[in-house]
Amino acid sequence: MTAVDGPARAGVMRCAVLGDPIAHSLSPVLHRAGYHAAGLAWEYDAVRVAHDGLPGFLDELDAGWRGLSLTMPHKRTALGLTDPVVGVVSDRARLAGAANTLVLEDGRVVLADNTDLPGAVAAVRERYAGPVTAGTVLGGGATAASTGLALCELGARSVTLLVRSPDRAGEAVAAIARHPSRPQLRIGSLADDPVVGEVVVSTIPAGAQDAGLVDRCGATPVVFEVLYDPWPTPLAASTTLAAFGSGRVLVGGLDLLVHQAVLQFELFTGVAGPLSAMRAAGEAALASRRAMG
């Protein structure tokens, strides 16, 4: 990994999260809280960049830029945008087939990394210490790939993807199949196939979580809902209601966002990420959004 050598560099460095849409992102709240806690006078913004605009955006960056967080639709495109001389693509980004983190030096991309994968592992392990022998992922996009790989890292030898269109899940399937454990993979229908394993990960919109799907997830010990807004989703709400006295565990999208952001923070600054401060800022921002309707 590439990070600042020694203490974080003096002066103001610029970072941003890029995506389309991007106005909803909590990343600026988390990273700015981290900078404040670490005593860094850095900047972090949200910038809307269209699906074909990432290469052009990178071309305009100067030496004042240090890091970029990437969300839809840029994670897969970013793998091919490291500097041809000094750029490195991390093993986990290659494994996932996607990068959500770009580290820059003197305006050049020196590292493309994926913090979604280890962030998902950390989010689950923060709340659940039990075994993971199998799991189900709802959806087949880039987040499904990274969370499916996280299930493998947690010990799953069997991963099921439930999707609407199997032909659109090819990249996620290929990514999970690349894991060194060589997990058994099954592709099923989101509409009616069973949810199996100790963990179910939902990467689908809240509007796609109908009553039948929620019922099929009802016996799963761990529900990992990657969304944080809107909250709660139907799946998260049903898990919360059923959790009391049942031992069921809910891992939320904010858990994932905070853990992957802490890893990004460390890559950008060279300083340990202040997880508690970043989480508290995220929780306060979400509470404010909900209060405003």
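The values are calculated or read from the model by the stated rules, or taken from the named source; none is laboratory data. Everything quoted here is computed from the prediction, not taken from an experiment. Note that we place each Cβ from the backbone using ideal geometry, even for glycine, and neighbour counts take in every protein chain shown. Protein only, heavy atoms only, side chains kept; ligands, DNA and RNA dropped before computing areas. Shrake-Rupley method; radii C 1.70, N 1.55, O 1.52, S 1.80 Å.
General observations
- All conditions in (1) touching a Cys at 6+ places or on another chain (Cβ under 9 Å); (2) touching a residue at least 60 places away in the same chain (Cβ under 8 Å); (3) of a type in the set (Ser, Thr, Tyr) hold for Ser238, with the sole exception of (2).
- Put simply, of Ala272, Ala261, Ala280, Ala236 the only residue that is of a type in the set (A, V, I, L, M), open to solvent by 30 Å² or more (accessible area, probe 1.4 Å) and part of a helix (DSSP H, G or I) is Ala280.
- Test: residue in the range 245-256 that is under 20 Å from His24 (Cα atoms), without any contact (Cβ under 8 Å) to a residue 60 or more places away in the chain and out of contact with any helix residue (DSSP H, G or I) (no Cβ under 7 Å at 6 or more places or on another chain): yes
- Residues of the range 108-121 satisfying the condition of being farther than 13 Å from Gly252 by Cα and in a helix (DSSP H, G or I): Asp116, Leu117, Pro118
- If you check Asp59, Asp5 for being at pLDDT 95 or above and of a type in the set (D, E, K, R), only one passes: Asp59.
- Hey, Thr77 of a type in the set (Ser, Thr, Tyr) and open to solvent by 20 Å² or more (accessible area, probe 1.4 Å) or not: yes
- Every pair of residues 6+ apart whose Cβ atoms lie under 7 Å, when the first sits in the range 263-281 and is closer than 13 Å to Leu40 by Cβ while the second is part of a loop (DSSP other than H, G, I, E, B) and of a type in the set (D, E, K, R): Gly270/Asp5
- In the range 84-93, the qualifying residues are those that are open to solvent by 30 Å² or more (accessible area, probe 1.4 Å) and either at pLDDT below 95 or not charged (D, E, K, R) (or both), and the one that is nearest to Ala142 (Cα to Cα) is Val88.
- Inside the range 32-68, residues that are open to solvent by less than 70 Å² (accessible area, probe 1.4 Å) and more than 16 Å from Val109 (Cβ to Cβ) make up a count of 13.
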